[in-house]
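Heads up, the thing below is written out as structure tokens.
Every number here is computed from the coordinates shown, using simple stated rules; none is lab data. Quick caveat: nothing in here was measured; it's all calculated off a predicted structure. All Cβ positions, glycine included, derive from the backbone under ideal geometry; neighbour counts span all protein chains shown.
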Amino acid sequence: MSTQLTGAENVRWNLNELFAGVNDPQIDVVLKESQTQAEAFVEAYRGKLGGLTPEGLAEAYNTLESISGPLYRLGQYIHLLYAVDTADDQIKSTLAKIEQSSSTTSNLLVFFGLELGNLSDEQFAKFDGAAALADFAYKIAKLRRNARYNLSEKEEQIINLKDLNGSSAHQKLYNELVASFSFEFELDGEVQTLNGDQLRALRQHPDADVRQRAMKLFFSRYEENALIINHLYNALVKDHGIEVDLRGYESPISTMNSHNDLSDQAIQALNDVTTESYSLVNRYYKLKAKMLGMKEMTLADIYAPLPQASKVYPFEEAKKLVLDGFKSFDDDFHAKAKAMFDENRIDAPVEPTKRGGAFCSSSTPDLKPYVLLNYTGKVRDVSTMAHELGHAIHAMFSSEQKLMNYHPILPLAETASIFSEMVLTDSLLKKEEDVEVKKSMLTGKLEDIFASSHRQNMFSSFELASHAAINDRLQSPKELCELYTVEIQKMFGDSVTFTAEYAWEWSSIPHIFNVPFYVYAYNFGNLLVLALYQQYLEEGDSFKPKYKKFLSLGSSASPADITAVVGADINDPDFWRKSLKYIESLIDQLEELV
Ligand SMILES: [Zn+2]
């Protein structure tokens, strides 16, 4: 946290268009009205969806939106209040009240999707392709498609009940076990007690000995608990495999693919292309070893800090750089970003009781979003500003959609944000004269890319291999470590030295225990944007109208159909290869500077 003044101190958002304050009597009115409306909705529609005309179903959808809209705005409001003051008791108790009441209301409405998904083909036929339902066509089609994997109501109930003491209990045990790990670590001449996050954060310590000792100790605890952790992973994977069979999915990863509405083919192409580009990782880390002046780099050193350019950007300067970057790309992007500043939709300072990090929040299409920052003036903060404004721009483009199609679908949610960062990076790199600042920007960008793409791809390759192996027969800790070692060596090649404790890294990745095959979404989102950006560099101005159309679609169509708007085919490996071209261009620039 910087004590230096940046001018961000007075940049606060104004939330008055939402509610008048935590005591606003409108809050209770909204909660009460939405509950009453939801009850009336249940009364009117439960058990009756099959008998509706297409117009009648469209009306039901519109009613649903009018119940959800005010709740979304209220939820947004209280979360924004809480974000800037996490210590205020009144805000906390109001937040709890709102969450409680909203979840009661939304539980009442859960029947709608289930009932619609389970209609017989005869009952459903009249809705299929009906003009009155055009706005909801994609959501309905997806619902129907996924309903085919549902089991009978009784079976679903049994699974839910048994999961409480089965997979959910296993996940809980894993999370509680690893959260309980504490470590005695010698740092600066004294022994300190650290938790896992604190110990792992030492990967960014300037001293190589500290980094290597820290990671050795970290993984040793996982190895000591191998008996439990290995049992848990085997049980979770096997449980997943059993459901895959019962529900009739093609393969273990198909469950997530169908949830994301992405074809198995697209995700295979993504995995193949990322794997074939591991040579870029290899090239970068050889370069990094040179920059660090290390003869031999180990896996514990991959996050070692590089000499940082210490330049501080006052808030106004950052705002200008970001807006100029948008301006150089497109006037609409610039105007939308500028409105965020002009209309006081940004909360920028670091405050003692404010939450950390940054986010963009949007609730309903008729309102513009809000952005929270913790601005300290580092070059990284300038990127974050561009990133969050990118989310805001995306929301403003998709504001022509109905509420149900307003929020971007998960695999596309980072499209405009990362794209905006790249617009900024390119415009800064062109202007910047200082070699150290340029190096900082390039290494920062490249390490972000490798962390969110290649590393996640390595995890998901391990998931593919370990699910196949465990579904065949239970695996020993040693066997899983061997599978993981293969993946890690594929990724880094001879650029860093493999140390034995890293074979246990798989057992420290919560996502692969908690949500199988979740991690590829990071890689998908990231490489998609790099590929689109490369396409923009190749096509120039003619790319922009297509890209705006893409952003304006919100979640009204499948990821494949939305990306097709810019002429991209996510099933084609050649589309993904465009992203590699861009990464390579960054490494080329860095190589020249080193
Ligand atoms: Zn983001």
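Assorted remarks:
- In terms of its C-alpha gyration tensor, segment 239-341 has an oblate overall shape, because the principal axis ratio a/c (a ≥ b ≥ c, square roots of the eigenvalues) is not below 1.5 and a/b does not outweigh b/c.
- Compared with the alpha-carbon gap, the fully stretched path from Ala87 to Ser66 is longer by 4.3 nm at 0.36 nm per residue.
- Using the alpha-carbon positions of segment 510-594, Rg (one decimal) and Dmax (whole number) come out as 15.2, 46 Å.
- Residue-averaged 222 nm ellipticity for the chain, from DSSP H runs of 4+ at -39500 (n - 2.57), nearest 500: -20500 deg cm²/dmol
- Near the amide H of Phe517, within less than 5 Å, lie no amide hydrogens of residues on another chain or at least 5 residues away, with H placed in the peptide plane.
- Rg and Dmax of segment 461-570, both derived from C-alpha coordinates alone, stand at 19.3, 55 Å.
- Here the relative contact order of segment 98-232, from alpha carbon pairs under 8 Å that lie six or more residues apart, stands at 13 percent.
- As a ratio to 2.2 N^0.38 Å, the alpha-carbon radius of gyration computed for the chain takes the value 1.01.
- Net charge in the neighbourhood of Leu373 (other residues with Cβ under 13 Å of its Cβ; Lys, Arg +1, Asp, Glu -1) is +2.
- Here each label is just a point 7 Å from Cα along the line to Cβ, and for Asp588 and Glu539 those points are 2.2 nm apart.
- Pairs beyond 27 Å (Cα-Cα), from Lys295/Lys378; Lys139/Lys162; Lys238/Lys445; Lys431/Lys544: Lys295/Lys378; Lys139/Lys162; Lys238/Lys445
- A simple spin-label model places pseudo-atoms 7 Å from Cα toward Cβ; at Asn23 and Ser251 they are separated by 6.1 nm.
- Remark: segment 333-339, residue by residue, has Karplus-estimated 3J(HN,Hα) of 4, 4, 4, 5, 5, 5, 4 Hz, where x stands for each Gly or Pro and the curve is 6.51 cos²θ - 1.76 cosθ + 1.60 at θ = phi - 60°.
- Reach of Lys368 by Cα under 18 Å, taken over lysines that are not fewer than 8 positions away in the same chain: Lys336, Lys338, Lys402, Lys548
- Residue-wise HN-Hα couplings along segment 320-326, as the Karplus relation 6.51 cos²θ - 1.76 cosθ + 1.60 with θ = phi - 60° gives them from phi, are 5, 4, 5, 5, 4, x, 4 Hz; Gly and Pro carry x.
- In a DSSP loop and with at most 11 other Cβ atoms within 10 Å, the GluC sites (Glu not before Pro) in segment 428-479 are Glu433.
- With neighbours defined as other Cβ atoms within 10 Å of a residue's Cβ, the residues Trp504, Trp13, Trp576 order from fewest to most as Trp13, Trp504, Trp576.
- Linear extension gain, Glu55 paired with Lys311, 0.36 nm per residue minus alpha-carbon span: 86.2 nm
- Close amide-amide hydrogen proximity is noted between Leu187 and Gln192, each under 5 Å apart and 5 or more residues distant or on a separate chain (H modeled in the peptide plane; Pro and chain starts excluded).
- Note on Ile27, Ile509: ascending count of other Cβ atoms within 10 Å places them as Ile509, Ile27, the fewest first.
- Taken about its Cα centre, segment 6-116 carries a charge dipole of about 140 debye when Lys and Arg each add +1 at the Cβ and Asp and Glu each add -1 at the Cβ.
- Here the Karplus curve 6.51 cos²θ - 1.76 cosθ + 1.60, taken at θ = phi - 60°, turns the phi angles of segment 479-493 into couplings of 5, 5, 4, 5, 4, 5, 4, 4, 5, 5, 6, 4, 6, 9, x Hz, with x standing for Gly and Pro.
- Amide H to amide H distances under 5 Å link Thr298 with Thr497, where only residues 5 or more positions off or on other chains count and H is placed in the peptide plane.
- Segment 27-145 - Rg (one decimal) and Dmax (whole number), Cα, Å: 17.1, 55
- Global geometry of segment 116-190, whether rounded, prolate or oblate, following the gyration tensor of its Cα atoms and the 1.5 cut on a/c: oblate
- Euclidean distance between Cα centres, segment 456-474 to segment 252-281, Å: 14
- For segment 445-547, the list of trypsin sites (Lys or Arg not before Pro) that fall in a loop by DSSP and count at most 13 other C-beta atoms within 10 angstrom reads Arg473.
- Rg ratio (alpha-carbon, reference 2.2 N^0.38 Å) - segment 352-470: 1.30
- Among Thr63, Gln35, Gly7 - extreme Cα towards positive end, dipole of segment 1-74, charges at beta-carbon: Gly7
- Other residues within the sphere of radius under 13 Å centred on the Cβ of Leu403, judged by their own Cβ, net out at -1 (K and R +1, D and E -1).
- Between Glu9 and Asp324, the distance separating the two model label sites (each 7 Å from Cα on the Cα→Cβ line) works out to 2.6 nm.
- For Glu156 and Met291, the difference between the fully extended length at 0.36 nm per residue and the C-alpha to C-alpha distance is 43.0 nm.
- For segment 198-257, GluC sites (Glu not before Pro) meeting the loop criterion (DSSP other than H, G, I, E, B) and having at most 15 other Cβ atoms within 10 Å: Glu250.
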